[in-house]
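The values are calculated or read from the model by the stated rules, or taken from the named source; none is laboratory data. Note that the structure is a prediction, hence the values are computed from the model and not measured. Note that each Cβ is placed from the backbone with ideal geometry, even for glycine, and that neighbours are counted across all protein chains shown.
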Amino acid sequence: MTILNINGRDVTVDVPSDMPVLWVLRDVVGLTGTKFGCGMALCGACTVHLDGQPIRSCVTPVAAVAGKKITTIEAIGDTPAGKKVQQAWLDLDVVQCGYCQSGQIMSASALLAKNAHPGDTDIDEAMSGNICRCGTYPRIRAAIKQAAKGA
Amino acid sequence: MTSHTVSRRDFVVVLTAAGGGLLLGCRVGDRSGAATAAAGAAPPAFAPNAFIRIGTDGRVTLVMPQVEMGQGMYTSMPMLIAEELEVGLDQVQLEHAPPNDKLYANPLVGFQMTGASSSVRMLYQPLRKAGATARVMLITAAAQRWNVDPTSCNAAKGMVSHPATGKKLSYGDLADAAAKVPVPAEVTLKDPKSFTLIGTPAKRLDSPQKVNGTAPYSIDVRLPGLKIATLAESPVLGGKVASVDDSKAKAIPGVRQIVRLEDLVAVVADHMWAAKQGLAALTIRWDEGPNAKVSTEDVVKGLDAASRTPGVVARKQGDAAAAITGAAKKLEAVYQVPFLAHATMEPVNCTVHVRKDGCEVWTGSQVLSRVQATAAQVTGLPPEKGVVHNHLLGGGFGRRLEVDFETKAVRIAKEVEGPVKVVWTREEDIQHDVYRPYYYDRIAAGLSPEGRPVAWTHRVLGPSILARWAPPAFKDGLDGDATDGAVHLVYDIPAIQVEYLRHEEPVLGTGFWRGVGVTHNNFVIESFMDELAAVANQDPVAYRRALLAKAPRARAVLDVAAKASGWGRKLPAGYGRGVSLLYSGWDTYVAQVAEVEVSKAGEVRVHRVVCAVDCGTVINPDTVKAQMEGGIVFGISGALWGEITLKNGRVEQSNFHNYRVLRMNETPAIEVHLVRNGEAPGGIGEPGTAATAAALANAVFAATGKRIRKLPLERQLRSG
């Protein structure tokens, strides 16, 4: 049995210690907002926060997160940065198919939480691990800047 | 008028979001009918057609005949209906349509299909008419109740009013009475001058759910007793399972069952991790079959040999061959584009529950009725025993126009007790896709002494996707998709001959990929136009412009893009600007100017793309811009790096490290300029992608002097 702190609540799960957090969230806990895209930390769709840091949950074993705070897309709107990012995403209608956007928003929220006024290079660094096949990158960049204005 | 039964739809619950907007909720696993009751929906008192239902509680539900895969359809279609129905977008709720070709056929193909940039083109009139019909019936019901002339009443924001007396009734109040009004055969649509929604930038109705993780995709389906499966197909395409040793896999905690079929092995487990571990622990011996030695080189050899035969004439104007022979200058070239995978962000997946008396399927499909048909075929059950629940699609790009993955999922589910979600790993998704064909085109032109083209021949060589996918559309040896854009050449050239030569790939399955036939043709045509301009020693924009006297809309987008891009302004060394112009069966005009920088190592950095688009009547201008932006990004990935190659019968690419796609740090500044007019609406999902490769290749030529006739660009630059 492993106790995980997910979105401020302790959840007990009975899973192998090498099981990636992604599948624990999706298939065991039932939080499906975090997405599977590649399984190799190449696309960022599975991004969650671990003690506020963005991590790729598809390659992070559950053993590595016990005792730490996991935040997922379902709760990121409760953080000041996450709320601003979600609002900017709505204001600029960033999404298209939307599948990668949970991961995009998690990466963008982590960026804004540590850097209130990111420049283009900061955005490139923080966001280049998140793939969007619909090509919403120009709007993601604009939305991060807009969210920062409200910071 | 038929209205489909509630039982087919009871999985969908639509909840109005507290802050406005919409929630399209998917209540899966609740088949008792409680879902409908739980949503608090009154029975649809007024259902004048298959798209609109208005309850006595005033709830306006719009049934979406086309699916949402990012292209903004769940905003544009409500706009079309709401404009004529006279309701606000904040007053409607959306439902996915169930599979039903009678009610929801796309007129382009005659069955339920979202693709070919056709939704607005095909449904602009029908959906407006559906809204107007309902409006007329509601007004008639109100006029009867008030005993006044219907023409003295008007409708707005879900209310009918009679200004002379100040009387008002809501659509909910009128729903029962409107249902008794005969459906009018003809209705008058609004004058576009009085549109309040169409043509205005409306916010996407699917945004709120997509920013908080609640938007339901098929991969998110949860059901009581649901098992998760993942699968392996033969690494050599077309191979069969020879033997399976599953002893180690079965020992892995959470693994429940190994399903061995002729062509695949699936591991069924409690969760995806156990399924993946189980799959890795299997020892599968494959009978590799006849493709075990096939490589891309073999494919190209086959194409090259086939390309020397004349094709079937798709467009003929004058005697082009003779005119080329007699021309002052002749140019000819071979252009090639590679196989491409779709790599939708949501890997293909499908959940199926096969019972003795029925089959239930949860998927995200661009061809819903085909999913129902394949479920029936595989299970042997009558089609009406197959219930299909559609979802938001985590990317389509043509991938979900195929039902290969649903078919496999149903075959696996037949062997499993209870519901099973079959999820392809990214590797299986890329290595067993239905690929954009390898096309191999021969093109030639004759020039006058002044450099003006006097004749043009273009032989398109590739498989016919239509012959497999929509057989009636393949006529007289011609595939209208493969030649789309090529036969629409807008330049004023006296003699033109376009031919199509069908050449099926024996190994790889091929299908539609965003931009379809036009994507390859536009690369060929617009690169070759650039070659002609270079031989004529003329500016590429001016050269094209001189040939567009009879195509004012094409000339207009070219002018807008050229001006906005600063065409002709000097660029630093190593930089280049390239232009492309597009027109095709989508009835949309696009011009793009790309600005690139090419390093000595052959790396291409795209700095800026300026795009002008004329798609006639615009429904949602922000969606048009978004589709151009996204289409260009998709096009850049394909043109710079996209390539699926074969070695020993195996697809060599497997995940995003070797099937490279554009990322944030590589994305150029993109500007989209709309050229607006009242022409009929054209498609916008694909033209942005289709026009990109040529603009990039032409920019690379401007930067380096190297003419790239084979994609992807970077591989060619690096191989010298």
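Within the range B:656-665, work out how many residues are more than 8 Å from chain A (Cβ to nearest Cβ) and more than 23 Å from the chain's Cα centre (by Cα).
Residues of the range B:656-665 that are more than 8 Å from chain A (Cβ to nearest Cβ), as a first pass: B:658-660.
Filter again for more than 23 Å from the chain's Cα centre (by Cα), leaving B:658.
Selection size over the range B:656-665: 1.
Do you know which of the residues in the range A:88-119 that are out of contact with any helix residue (DSSP H, G or I) (no Cβ under 7 Å at 6 or more places or on another chain) and surrounded by fewer than 22 Cβ atoms within 10 Å (Cβ to Cβ) is farthest from B:Val211 (Cα to Cα)?
Taking the candidates together, the pick is A:Gly119.
Determine whether the range B:595-608 contains at least one residue that is under 30 Å from B:Gly480 (Cα atoms), modelled with pLDDT of 95 or more and crowded, with 18+ Cβ neighbours inside 10 Å.
no
Would you confirm, using the coordinates I've provided, whether A:Val95 is within 17 Å of B:Asp206 (Cα to Cα) and in a helix (DSSP H, G or I)? Before the answer, list the steps.
Values: within 17 Å of B:Asp206 (Cα to Cα): yes; in a helix (DSSP H, G or I): no.
Spelling it out, it is not the case that A:Val95 is within 17 Å of B:Asp206 (Cα to Cα) and in a helix (DSSP H, G or I).
Go through the range B:214-250 and count every residue that is over 23 Å from B:Val420 (Cβ atoms), hydrophobic (A, V, I, L, M, F, W, C) and surrounded by fewer than 19 Cβ atoms within 10 Å (Cβ to Cβ).
Qualifying residue count for the region: 1.
Which residues, taken from the range B:481-515, are more than 24 Å from the chain's Cα centre (by Cα), of a type in the set (A, V, I, L, M, F, W, C), over 13 Å from B:Ser584 (Cα atoms) and part of a loop (DSSP other than H, G, I, E, B)?
Passing the criteria: B:Ile493, B:Val507.
Of the residues A:Tyr137, A:Tyr99, only one is free of Cβ contacts under 8 Å to residues at least 12 places away in the same chain and at the interface with chain B (Cβ under 7 Å from one of its Cβ atoms); which? Write out each step before concluding.
On the way: A:Tyr99 fails: free of Cβ contacts under 8 Å to residues at least 12 places away in the same chain.
Matching residue, one of A:Tyr137, A:Tyr99: A:Tyr137.
Scan the range B:638-667 for residues that are surrounded by fewer than 21 Cβ atoms within 10 Å (Cβ to Cβ), assigned to a loop (DSSP other than H, G, I, E, B), out of contact with any strand residue (DSSP E or B) (no Cβ under 8 Å at 6 or more places or on another chain) and without any contact (Cβ under 8 Å) to a residue 40 or more places away in the chain and jot them down.
Passing the criteria: B:His657, B:Asn658, B:Arg660, B:Arg663.
Give just the number: which of (1) touching a Gly at 6+ places or on another chain (Cβ under 6 Å); (2) not in a helix (DSSP H, G or I); (3) not hydrophobic (A, V, I, L, M, F, W, C) does B:Gly683 not satisfy?
Of (1) touching a Gly at 6+ places or on another chain (Cβ under 6 Å); (2) not in a helix (DSSP H, G or I); (3) not hydrophobic (A, V, I, L, M, F, W, C), only one is false for B:Gly683: (1).
If a residue has to be within 18 Å of B:Gly578 (Cβ to Cβ), in contact (Cβ under 8 Å) with a residue 60 or more places away in the chain and under 27 Å from the mean Cα position of the chain (by Cα) to count, how many in the range B:542-558 make the cut?
Count: 2.
Taking the residues in the range B:282-324 that are part of a strand (DSSP E or B) and of a type in the set (S, T, N, Q) as candidates, determine which candidate is farthest from B:Gly239 (Cα to Cα). Let's see the steps before the verdict.
Restricting attention to the range B:282-324, the residues satisfying the condition of being part of a strand (DSSP E or B) are B:283-287, B:312-317.
With of a type in the set (S, T, N, Q) added as a condition, the list becomes B:283, B:317.
On the way: B:Thr283: 15, B:Gln317: 46 Å.
That would be B:Gln317.
Consider B:Arg569 against the criteria (1) without any contact (Cβ under 8 Å) to a residue 24 or more places away in the chain; (2) within 21 Å of the chain's Cα centre (by Cα): it satisfies all of them except one. Which criterion is unmet?
Every condition holds for B:Arg569 apart from (2).
Scan the range B:573-616 residue by residue and report those that are hydrophobic (A, V, I, L, M, F, W, C), more than 30 Å from B:Leu108 (Cβ to Cβ) and not in a strand (DSSP E or B).
Of everything in the range B:573-616, those that are hydrophobic (A, V, I, L, M, F, W, C), more than 30 Å from B:Leu108 (Cβ to Cβ) and not in a strand (DSSP E or B) turn out to be B:Ala573, B:Ala601.
Hey, B:Lys356 hits all of (1) charged (D, E, K, R); (2) assigned by TED's automatic domain parsing to the domain that holds B:Ala413; (3) without any contact (Cβ under 8 Å) to a residue 12 or more places away in the chain; (4) within 30 Å of B:Asp476 (Cα to Cα) but one; which does it fall short on?
(4)
Looking at (1) part of a loop (DSSP other than H, G, I, E, B); (2) touching a helix residue (DSSP H, G or I) at 6+ places or on another chain (Cβ under 9 Å); (3) of a type in the set (A, V, I, L, M), which one does B:Ala274 not meet, given that it meets all the others?
(1)
Being surrounded by fewer than 21 Cβ atoms within 10 Å (Cβ to Cβ), at the interface with chain B (Cβ under 10 Å from one of its Cβ atoms) and outside any loop (DSSP other than H, G, I, E, B) is the filter here; which residues of the range A:62-79 pass it?
Narrowing the range A:62-79 to residues surrounded by fewer than 21 Cβ atoms within 10 Å (Cβ to Cβ): A:63-64, A:66-69, A:74-75, A:77-79.
Applying the additional criterion that residues be at the interface with chain B (Cβ under 10 Å from one of its Cβ atoms) yields A:74-75, A:77.
Passing the criteria: only A:Gly77.
Name the residues in the range A:1-51 that are surrounded by 24 or more Cβ atoms within 10 Å (Cβ to Cβ) and among the acidic types (Asp, Glu), would you?
A:Asp27
Could you list all residues from the range B:334-372 that are within 14 Å of chain A (Cβ to nearest Cβ), farther than 25 Å from B:Ser118 by Cβ and in a strand (DSSP E or B)?
Hits for the range B:334-372 are B:Asn349, B:Thr351, B:Trp362.
Looking only at residues that are part of a helix (DSSP H, G or I) and more than 7 Å from every other protein chain (Cβ to nearest Cβ) in the range A:124-134, which one is surrounded by the most Cβ atoms within 10 Å (Cβ to Cβ)?
Our first condition is that a residue be part of a helix (DSSP H, G or I); within the range A:124-134, this holds for A:124-127.
When the remaining residues are screened for being more than 7 Å from every other protein chain (Cβ to nearest Cβ), the result is A:125-126.
Details: A:Glu125: 15, A:Ala126: 20.
So, considering only residues that are part of a helix (DSSP H, G or I) and more than 7 Å from every other protein chain (Cβ to nearest Cβ), the one surrounded by the most Cβ atoms within 10 Å (Cβ to Cβ) is A:Ala126.
Could you tell me whether A:Gly33 is within 26 Å of A:Arg133 (Cβ to Cβ) and either of a type outside the set (A, V, I, L, M) or assigned by TED's automatic domain parsing to the domain that holds A:Met106 (or both)? Can you show your working first?
Working: within 26 Å of A:Arg133 (Cβ to Cβ): yes; either of a type outside the set (A, V, I, L, M) or assigned by TED's automatic domain parsing to the domain that holds A:Met106 (or both): yes.
Against the criterion (within 26 Å of A:Arg133 (Cβ to Cβ) and either of a type outside the set (A, V, I, L, M) or assigned by TED's automatic domain parsing to the domain that holds A:Met106 (or both)), A:Gly33 qualifies.
Quick one: in the range A:135-149, of everything that is surrounded by 22 or more Cβ atoms within 10 Å (Cβ to Cβ) and of a type in the set (Gly, Ala, Ser), which residue is farthest from B:Ile632 (Cα to Cα)?
Going residue by residue through the range A:135-149, those that are surrounded by 22 or more Cβ atoms within 10 Å (Cβ to Cβ) are A:135-140, A:143-144, A:147-148.
When the remaining residues are screened for being of a type in the set (Gly, Ala, Ser), the result is A:135, A:143, A:147-148.
Details: A:Gly135: 8, A:Ala143: 19, A:Ala147: 25, A:Ala148: 27 Å.
Filtering the range A:135-149 for residues that are surrounded by 22 or more Cβ atoms within 10 Å (Cβ to Cβ) and of a type in the set (Gly, Ala, Ser), the one farthest from B:Ile632 (Cα to Cα) comes out as A:Ala148.
Of a type in the set (A, V, I, L, M, F, W, C), surrounded by fewer than 19 Cβ atoms within 10 Å (Cβ to Cβ) and more than 17 Å from the chain's Cα centre (by Cα): does that describe B:Ala680?
Details: of a type in the set (A, V, I, L, M, F, W, C): yes; surrounded by fewer than 19 Cβ atoms within 10 Å (Cβ to Cβ): yes; more than 17 Å from the chain's Cα centre (by Cα): yes.
In short, yes.
The rows are residues; the columns are (1) at pLDDT 95 or above; (2) surrounded by fewer than 24 Cβ atoms within 10 Å (Cβ to Cβ); (3) in contact with a strand residue (DSSP E or B) (Cβ under 6 Å, 6 or more places away or on another chain); (4) not aromatic (Phe, Trp, Tyr).
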site	(1), (2), (3), (4)
B:Gly58	no, yes, yes, yes
B:Ser76	yes, no, no, yes
B:Gly131	yes, no, no, yes
B:Gln144	yes, yes, no, yes
B:Pro150	yes, yes, no, yes
B:Cys153	yes, yes, yes, yes
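Please state which one of B:Glu679, B:Glu686 is within 14 Å of another protein chain (Cβ to nearest Cβ) and closer than 30 Å to B:Pro192 by Cβ. Quick ask: steps written out before the conclusion?
Values: B:Glu679 fails: within 14 Å of another protein chain (Cβ to nearest Cβ).
Result: B:Glu686 is the single residue among B:Glu679, B:Glu686 that is within 14 Å of another protein chain (Cβ to nearest Cβ) and closer than 30 Å to B:Pro192 by Cβ.
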